[in-house]
Protein chains: 2
Amino acid sequence: MKTFPRVGVIGSGQLAQMTLAPAAALGIELVTLANSSEDSAAQSSPHVVGDFKDIETVRKFAASCDVVTFEHELIPISIIRTLESEGVKFLPSSNAFQYSQDKALMRAKLSHLPNPKWQVVTEAPEWNYPAIAKSISGGYDGRGVWKVNSKAELIELLKEVPKILLEELIEFDFEIAVMVARSPHGQAATWAPTRTVQRDGICIETVTPVPEFSASQSEAAQNLALQIAEEIKLVGVMAVEIFVKGDELLINELALRPHNSGHWTIEGSVTSQFEQHLRAILDLPLGETSMVANWAVMGNILGGSKSDMYRPYLHLMARTPALKFHHYRKEVRPGRKIGHVTITGDNLVELRSEIDHALAYMSGEIDE
Amino acid sequence: MKTFPRVGVIGSGQLAQMTLAPAAALGIELVTLANSSEDSAAQSSPHVVGDFKDIETVRKFAASCDVVTFEHELIPISIIRTLESEGVKFLPSSNAFQYSQDKALMRAKLSHLPNPKWQVVTEAPEWNYPAIAKSISGGYDGRGVWKVNSKAELIELLKEVPKILLEELIEFDFEIAVMVARSPHGQAATWAPTRTVQRDGICIETVTPVPEFSASQSEAAQNLALQIAEEIKLVGVMAVEIFVKGDELLINELALRPHNSGHWTIEGSVTSQFEQHLRAILDLPLGETSMVANWAVMGNILGGSKSDMYRPYLHLMARTPALKFHHYRKEVRPGRKIGHVTITGDNLVELRSEIDHALAYMSGEIDE
């Protein structure tokens, strides 16, 4: 009698890779739809190689799974909707997942909540420039997002990208993210809000909980995430990226999947975002989300001048025995996220200093 | 340029399965030598199916690996020695691993340390009966160990098992285990000693740290484990099982591999025994072994009357959100270890009560 479910993941990168451990622990079979057998998760686990933009490939892949979920936002919503009508169980469902794919739809859906001013444009309007221009879908890590300083610049951009989500440029104090999980039964849970530190539009470091926050600000951010999860009928985990300006919390982006800003939960929380995502999509009761230490600091390792990442490990392991490594087994390319490191403990200044050193050392910026 | 190593594991059960996550995180390729593709680890990871008692099979398996290690003690030492002479790197090496396989050899090697009185016999001697009789190799979980109440009983046993390790029956207060790791460079680390609770010769629960221990007793137990690791030139992790009687610590058994009494380290320590084993055999600097909570309690789930283990999950997850599950994906048979659960926190009475409930519920002893 087969009672343990089989979960399919569209995508086979590091997010799928980090889902393998909780899947194994929970007795859940995981299979990924990979671009190639060299993808992070595919290197060591059951997978199918195929094109997620080809409906026949996805149909066949889904047929062997009890539930299908996502590691990225790139699969066409039309494929999800068609297969849903044939009985495939995608979670989150297309009705929720669309807000991860379509930034304009997300703004419209959540327009009663605090957003930057926004407008979908095909022609450059009179506006308070400089402003932020985003492609409606597909952008991440700084791609598909532009700062436009004038109407003239927007006119130029619209020649290349005919439809743009124009947003008010927020002079925020800092950015945070709140991870939230919700199950089909409506059980929901959040983790402590996370301060995200960006460089060139890419998150390089996270600190949890947000050092600048009072208890009531933390609660307000968590409540905002819970409210969004309920309104879009999220199933699974979601990152809500938020601008903080004084006491204001303004929604920046949603990602309806495990997210870089939640990587700290692997070591820093009783239940990781990856385990929680599985519990949520399988409608298992959600796990405890409290932290196991006062602070958790995570740093993204970006490809730099070192092509050999193994020897630098030795140095960092010897220097910082408490440092936890996550290697994505990707080819090193400058600026590419190829891994992350996490450390937990009591002294935030020391923890950040260890992470900063690790990032600089791995990227080749410093030699010792 | 391939710089990340490939590790082979002889055996593909739950210990190999739980090594997959740290291997992936560290970027290390792991391949197992499985009895069948249905083995715990083999179900979801790269493996070779073959007989570990066949030297040609092991030779071929080892040829693709940088280092070969063990999940169990069953591979003939002659195979290890022959392949070592051909240049295969087994870690721990045969010179250390023999003490895991041969209990008489272990007693002789460590005879200057506190042991129960012991003697290898082929004929029943005058002795202080009742005594413990053990087969020299191959026993575990209560198998290969007998209580003999009289010389007459030993004579009968020797007809079936012609060579016996006879040991003094220790009226111990309780049993503990200390996990210890050592690298080829001689770097060594221990974790907090663990109280093990047995039923019918099988460990059913562990509590870490040992509730009955003072700081100096903990230190004495850790020092004993470190001394043994050094003397046998351990590489990898090892469990030292110890009888505690008053202030005395008496060596019971050694297991030169990750061990059931160290499962709590997955959630309860900064570095798990599985990650540490990989670090040690690859001569990477060892990780921090401090605990992340005051207490860690682990319970072994033994097969009972419930053949469906998925539905009972729901109940326990709903009751105890902080409970962490480890399912071994084995066919349920009465008395067989099919998984374990761990919980960490501050209140030992509550933690033990949750684990006790979980074990009773999963085994079918209680229904709610």
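Placing a label point 7 Å from Cα along the Cα-to-Cβ axis, B:Arg143 is separated from the same position in the other copies by 5.4 nm, shortest listed first.
Between the range A:83-156 and the range A:178-228, how many Å separate their Cα centres? Cα centres, the range A:83-156 to the range A:178-228: 21 Å.
Listed by chain and number, the aspartates and glutamates whose alpha-carbon sits under 20 Å from that of B:Lys151, ignoring those within fewer than 8 places in the same chain, are B:Glu123, B:Glu126, B:Glu160, B:Glu167, B:Glu168, B:Glu171. Looking at the protein assembly as shown alone, DSSP beta bridges between its own residues are antiparallel in about 80 percent of cases. Here the residues A:Asp54, B:Asp200, ranked from fewest to most Cβ neighbours within 10 Å of their Cβ, fall in the order B:Asp200, A:Asp54.
Size descriptors for the range A:117-168, from the alpha-carbon set: Rg then Dmax equal 9.7, 28 Å. With label points set 7 Å from Cα along Cα→Cβ, the inter-copy distances at B:Asp173 are 5.5 nm, sorted shortest first. Here the relative contact order of chain B, from alpha carbon pairs under 8 Å that lie six or more residues apart, stands at 13 percent. Just list whichever of A:Lys324/B:Lys337; A:Lys60/B:Lys306; A:Lys109/A:Lys163; A:Lys109/A:Lys245 have alpha carbons separated by over 26 Å in the model shown. Long pairs (Cα-Cα over 26 Å): A:Lys324/B:Lys337; A:Lys60/B:Lys306.
Here A:Glu156 yields copy-to-copy label distances, from shortest upward, of 9.6 nm, the label point defined as 7 Å from Cα along Cα to C-beta.
Pair-distance distribution of the range A:302-368: all C-alpha pairs, bin width 10 Å, starting at 0; shares per bin in whole percent are 21, 56, 21, 2. Quick one: grab the alpha carbon gyration tensor of the range B:246-368, order the square roots of its eigenvalues as a ≥ b ≥ c, and give me rounded if a/c is under 1.5, else prolate or oblate depending on whether a/b is larger than b/c. In terms of gyration-tensor shape, prolate. Taken residue by residue and averaged, Cβ atoms of other chains lying within 10 Å of the Cβ of A:280-288 number 4. Per residue of A:22-33, other chain Cβ atoms within 10 Å of the residue Cβ number 5 on average.
Averaged over residues, the count of other Cβ atoms within 10 Å places the peptides B:220-227, B:143-150, B:165-172 in the sequence B:220-227, B:165-172, B:143-150, highest first. Is the shape of chain B rounded, prolate or oblate, going by the alpha carbon gyration tensor and its root eigenvalues a ≥ b ≥ c, with a/c under 1.5 for rounded and a/b larger than b/c for prolate? Rounded, since a/c falls under 1.5.
With the gyration tensor restricted to C-alpha atoms of the protein assembly as shown, the semi-axes of the equivalent ellipsoid amount to 51, 25, 25 Å, longest first. Per residue of A:323-330, other chain Cβ atoms within 10 Å of the residue Cβ number 5 on average.
What number, in percent, do you get for the relative contact order of the range A:174-363 if the mean sequence gap of Cα pairs under 8 Å and at least 6 apart is divided by its residue count? RCO, the range A:174-363: 21 percent. In chain B, the beta carbon lying closest to the axis that superposes B onto A belongs to the residue given here with its whole-angstrom distance, B:Ala21, 2.
Listed from fewest to most Cβ neighbours within 10 Å, the set A:Glu241, A:Glu156 follows the order A:Glu156, A:Glu241.
Applying a DSSP loop filter and a limit of 16 other Cβ atoms within 10 Å to the trypsin sites (Lys or Arg not before Pro) in the range A:17-62 leaves A:Lys53.
Computed from the coordinates by the stated procedures, all read-outs in this text should not be read as laboratory data. Note that the structure is predicted; figures quoted are calculated from it, not measured. Note: ideal-geometry Cβ built from the backbone for every residue, glycine included; neighbour counts use all protein chains shown.
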